[in-house]
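Structure, as structure tokens:
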Ligand code: BGC
């Protein structure tokens, strides 16, 4: 412990220490305006004195507001301990990047790192110290609205992206004033609610948790994330926020996390609704016992404050430990040296400050868009072609996605406007609403489109339909939009669908009706321009799907890295050929678009692949020399992907697991040699005793450009 922290702790009363453990929204402070992201509680008991001893504020930002609140607070706080300001800066602050699912689709950790670095720089200027990000919850069920906040269904991709995000937000130590502290969330397994229903029960074996869900949190912690946020859900039968096994045994003891643990919004009070505590006091005690340092908006620790005198020595010790961790965080961030660290009103208002950030946001969007169909090379379009841009998403700036509270939808360029800048002639009309359709509107759109060379249908869902508390039971494109596509199809012109979405949707009909399909996600502040650049061919599409797109809803959850079963269905085996295999009688098992899938405009082939040695020891690397050839007349980009499979394991093994990937450009009419290095340690699996280790035995490595079409080589791991 530093001198500063130990001297402060020695001077602090128990009430003041407990104050550090409380987080309130900005509304509690002088004229504070806060982003409200959860239910608001009864506050009657919260006296002014308490406000001037709390440790942190959430949801308020902006240099002027932060300065005013901090000044007023310090004038009233006995020991002059500065407030920490925290908020959800998820995929950008002022400059909005693609949603995290889109950043995952870039399959390029430098894109994530850049996006997080810029988000950090902008939010520090606005007075923030901590972001509630990255969200690294593994997701497999597109009914859950928060899949948009994750980088997808694969634990390796998520781990790589989690590390990149933490590095981007926090920078390298020592701390400078361009970075803030990252709070990895939601610990743990929040992304697996039953039936995709928000806040529902999560239940899985600890073996599965460790195999698939834990690695991304662990990667963020290895990257030195300073905080961890607990999740709303239960795990192993106990809510995460009071789960000692999760928060003490796994997080603190096993993963070696020494930072601050914060709850999600009101999660301590919600323990009462979970029925695992008697009342709020019991909830506060159980959360504290589990090692929760900060109570976000439940007022359970504030309630404690009144009873502080009655506390047992064991509880006082826990309060001391938590207060110490919070003060250490403040010290590490330089708040004692400068409580106004990094905040800068002039930067905040300076268009120059964000100009380059917008360039990066556009690049990120260009890397994240995924072309999933391109029949007879409909794309790229010639800039001389006349375009009709039709659909409910054509003329809107609603392209930022959830958790972009400082982004401005009103001033965000629409897809139609961006296409105007790129193509010679454009006509545009909505054709229908997101969920509404009338004959007159569609006829008007058809009339406009009848003179065009090509129709771009901008379809999908509004941002309000993905994000927190937006679970849905039907992941189809609304019937009204399918009706629009059918009407447009009657014009017999090339039809390109651009799909704006925060989750995988059922796109079978869109696929059939369209000549080309581009998944746009919510692409952010410069997303429309990125879409225009992909459609015109100025930029090569290089995003790949970070989640499987199912063929129908009944397949959900559908993910590529399923385990072997006792009655497998062979690849290519026709449905109905055998009865007693793992299958549906009314559908194929296969998705519409698999994990890792996406097309480019050039044609890159895997023309050679050799293994340096097919017999490896535990400390070795699996090394492959791969040759890619691009015979096409344009430079092209792809994502080379390597998966492995352990043929015989102590526990059942996935059919394939991503272990390595790299985005590469292969110049026209040329070949590129790439060396793949996979440390044998990365082949570790979780055993029955829950230990994680590599087994000796036979393995396969599979290489290709998506998770389904792969070239296979065998190798062995020896003692
Ligand atoms: C969300 C968190 C978020 C918090 C603070 C909660 O409702 O689940 O992800 O960080 O609010 O805004």
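Bear in mind these aren't lab numbers, they're just calculated from the coordinates by the rules spelled out. These numbers come from a predicted model, not from an experiment. Neighbour counts are summed over all protein chains in view; Cβ atoms, including those assigned to glycine, are modelled from backbone coordinates with ideal geometry.
Laid out as a table, the results:
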read-out	value
Centre separation in Å (Cα based) which lies between segment 97-143 and segment 283-332	30 Å
Cα-projected label distance for residue 586 with residue 625, points at 7 Å along beta-carbon direction, nm	5.4 nm
Gain on full stretching of the segment that runs from residue 615 to residue 469 - 0.36 nm per residue minus C-alpha separation	47.6 nm
Ordering of 164-172, 433-441, 643-651 by packing [mean C-beta count within 10 Å, highest first]	164-172, 643-651, 433-441
In nm, spacing of pseudo-spin labels at residue 194 and residue 338 (7 Å Cα→C-beta vector)	5.2 nm
Shape of segment 590-632, Cα gyration tensor, a/c cut at 1.5	oblate
Principal-axis tilt of helix 109-125 within the chain, Cα atoms, nearest 10 degrees	40 degrees
Within segment 365-536, percent of DSSP bridges classed antiparallel, to nearest 5	15 percent
Mean separation of Cα contacts under 8 Å (6+ apart) over length of segment 602-717, as relative contact order %	30 percent
Whether segment 3-346 is rounded, prolate or oblate, judged on the alpha carbon gyration tensor where a/c under 1.5 counts as rounded	oblate
Which of 580, 340 has the fewest Cβ neighbours within 10 Å, and the rest in rising order	580, 340
Extension gain, residue 651 back to residue 177 (0.36 nm per residue minus Cα-Cα distance, nm)	165.9 nm
Efficiency of FRET between residue 716 and residue 684 - r from beta-carbon atoms, R0 22 angstrom, step 0.05	0.85
Proportion of all alpha-carbon pairs of segment 277-358 beyond 18 Å (%)	58 percent
Alpha-carbon spread of segment 573-652, three principal axes, descending order, Å	44, 42, 18
Length-normalised contact order of the chain in % [C-alpha pairs under 8 Å, at least 6 apart]	13 percent
Segment 654-715 pair-distance distribution - Cα-Cα, 5 Å bins, rounded %	4, 12, 21, 23, 17, 11, 6, 3, 2, 1, 0
Separation between Cα centres of segment 242-259 and segment 655-719, rounded to whole Å	31 Å
Estimated FRET transfer efficiency (residue 476, residue 11; beta-carbon r; R0 51 Å; 0.05)	0.25
Binned Cα-Cα distance frequencies in the chain - 20 Å width, integer %	17, 48, 30, 4, 0
Order of 18, 475 under a 10 Å beta carbon neighbour criterion, fewest first	475, 18
Computed lengthening from residue 424 to residue 205, 0.36 nm per intervening residue step minus Cα-Cα distance	73.1 nm
Footprinting exposure proxy for 577, 348 (fewest neighbouring C-beta atoms within 10 Å first)	577, 348
Residue 331-residue 668 pseudo-label distance in nm [points 7 Å out on the Cα-to-Cβ vector]	6.1 nm
Cβ-derived FRET efficiency at R0 45 Å, residue 273 paired with residue 698, nearest 0.05	0.35
In degrees, nearest ten, helix 280-290 long axis to first principal axis of the chain (Cα)	70 degrees
